[in-house]
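Notes follow the structure.
The values are calculated or read from the model by the stated rules, or taken from the named source; none is laboratory data. Keep in mind that this is a model prediction, so the values were computed, not measured. We place every Cβ from the backbone using ideal geometry, glycine too, and count neighbours over all the protein chains shown. All accessible areas refer to the heavy atoms of the entire protein, side chains included, with ligands and DNA or RNA removed. Shrake-Rupley method; radii C 1.70, N 1.55, O 1.52, S 1.80 Å.
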Amino acid sequence: MSVEENRRIVRRFVDEVFAQGRPEAVDELVAEGFTAHTWPSVTGDGRQDLKLAIDRVSKGLPDVSFRIEDIFGEDDRVAVRVTAGARHVGDFMGMPGSGRSYTIEEIHIFRVRDGRVVEHWHQFDQLGLMRQLGAL
């Protein structure tokens with residue numbers, strides 16, 4: 001796969017998995033044996049863990065948005081810097097819904113093989129998120 005093709009796959013992932021929360025997109029875009037390096041596996045199956053995360057997040061955060069600010073690729077790696085936001089209406093990260101909205105910066109790094117995401121790393125402004133949701 002070319003770097004451009006990998007970038008296209010990551011753009012789809014950000015849009016369809018993160019922003020739209022489509023569990024069926026996980027089956028299309030994520031390889032069996034997927035490893036998420038930022039959160040622990042609950043089921044032992046990275047794709048199933050991702051689907052469970054989509055379900056949890058969708059209950060607590062409607063109106064999700066992800067805007068790609070930068071996207072870079074080299075070999076099988078693609079990095080994106082995004083601005084993410086949502087409205088907090090239900091349980092999320094152990095906090096009951098606050099009704100508040102947030103906007104934060106995030107960085108995601110993906111490894112793509114044969115047209116599917118095989119690994120993912122994620123850093124985000126957790127302090128800014130907690131402040132905006134009134135947890136601090």
Unique match (being modelled with pLDDT under 95 and not polar (S, T, N, Q)) among R100, R67, R81: R100
Region 1-28 residues that are closer than 21 Å to E106 by Cα and polar (S, T, N, Q), paired with ones that are at pLDDT 95 or above and open to solvent by 10 Å² or more (accessible area, probe 1.4 Å) (beta carbon under 6 Å, 6 or more apart): N6/G73
Some residue of region 7-25 being more than 20 Å from W121 (Cβ to Cβ) and of a type in the set (K, R): yes
Leading residue by the ranking (most open to solvent (accessible area, probe 1.4 Å)) among those in region 45-59 that are aliphatic (A, V, I, L, M) and within 12 Å of the chain's Cα centre (by Cα): V57
Filter result for the condition that a residue is loosely packed, with under 14 Cβ neighbours inside 10 Å, in contact (Cβ under 8 Å) with a residue 60 or more places away in the chain and not basic (K, R), over D70, D75, D63: D75
Hey, H108 within 23 Å of V10 (Cα to Cα), of a type outside the set (S, T, N, Q) and open to solvent by less than 30 Å² (accessible area, probe 1.4 Å) or not: yes
Hey, R11 within 28 Å of D63 (Cβ to Cβ) and in contact with a Gly (Cβ under 7 Å, 6 or more places away or on another chain) or not: no
